[in-house]
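We did not get these values from a lab; they are worked out from the coordinates using the rules stated. It should be emphasised that the depicted structure is a prediction, and the values quoted were computed from it without experimental measurement. FYI the Cβ positions are ideal-geometry reconstructions off the backbone, even for glycines, and counts take in every protein chain you see.
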Amino acid sequence: MTDKSAADKRARPRLLCSDQFSDCSIKVNAQQFIAQSINFNQCGIGVFAMSRLPDLKNFLLGFSFNDNEIDISIDNLEAVLVYVNETDVGHQYGFKFGLSKAGDEVKGKLINLEYQLELQAKNHRYGLFT
């Protein structure tokens, strides 16, 4: 077991992606991959992919959230691959968004998306008790 300092931990907790959260489109060079969105916050996203991504660091991501009242769509968001866990059944990846290059509109969408997932977590407890 490793000792993790406070500096190593995420600045913000990740929230489980609900059914209203789309799969994540991952683009690199001329290739595109689709991965299941697992968890999210305004700084990054965790995904699960059946296929292995190329051994690169920089990718473009796209995803959306639609719950009939709110429709948030983000395309071609620059992201850096910061976590990889390869398993026998697929691959887990963690991406950190390139927020320094993102515009104010995109940053606002990311904040709103995190807020929507926080509301769902508080109101529905991820559907565990319904």
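Give, rounded to the nearest 20 debye, the magnitude of the charge dipole that region 11-125 has about its Cα centre when Lys and Arg contribute +1 at Cβ and Asp and Glu contribute -1 at Cβ.
With Lys and Arg at +1 and Asp and Glu at -1, about 380 debye.
What number results when the radius of gyration of region 9-130, computed over Cα atoms, is divided by 2.2 N^0.38 Å?
Output field value: 1.03.
With labels modelled as points extended 7 Å from the Cα through the Cβ direction, what inter-label distance (nm, one decimal) is found for VAL84 paired with ASP55?
Rounded to a tenth, the inter-label distance reads 0.7 nm.
Taking each pair of different alpha-carbon atoms in region 59-127 once, compute 1/r for the pair, average those values, and report the inverse of that mean as the Kirkwood hydrodynamic radius in Å to one decimal.
13.8 Å
Enumerate by residue number the GluC sites (Glu not before Pro) in region 30-130 meeting two conditions: DSSP loop (anything except H, G, I, E, B), and at most 10 other Cβ atoms within 10 Å of the site's Cβ.
Here the sparse-neighbourhood loop sites are GLU69.
For the chain, modelled as a Gaussian network with Cα springs under 10 Å, which listed residue fluctuates most, ASN112, ASN76, ASN85?
Result for the chain, Cα springs under 10 Å: ASN85 fluctuates most.
Between GLY98 and residues 5 or more places away or on another chain, which pairs have amide H atoms under 5 Å apart, with H built 1.01 Å from N, and which residues are they?
The answer is GLU78, ALA79, VAL80.
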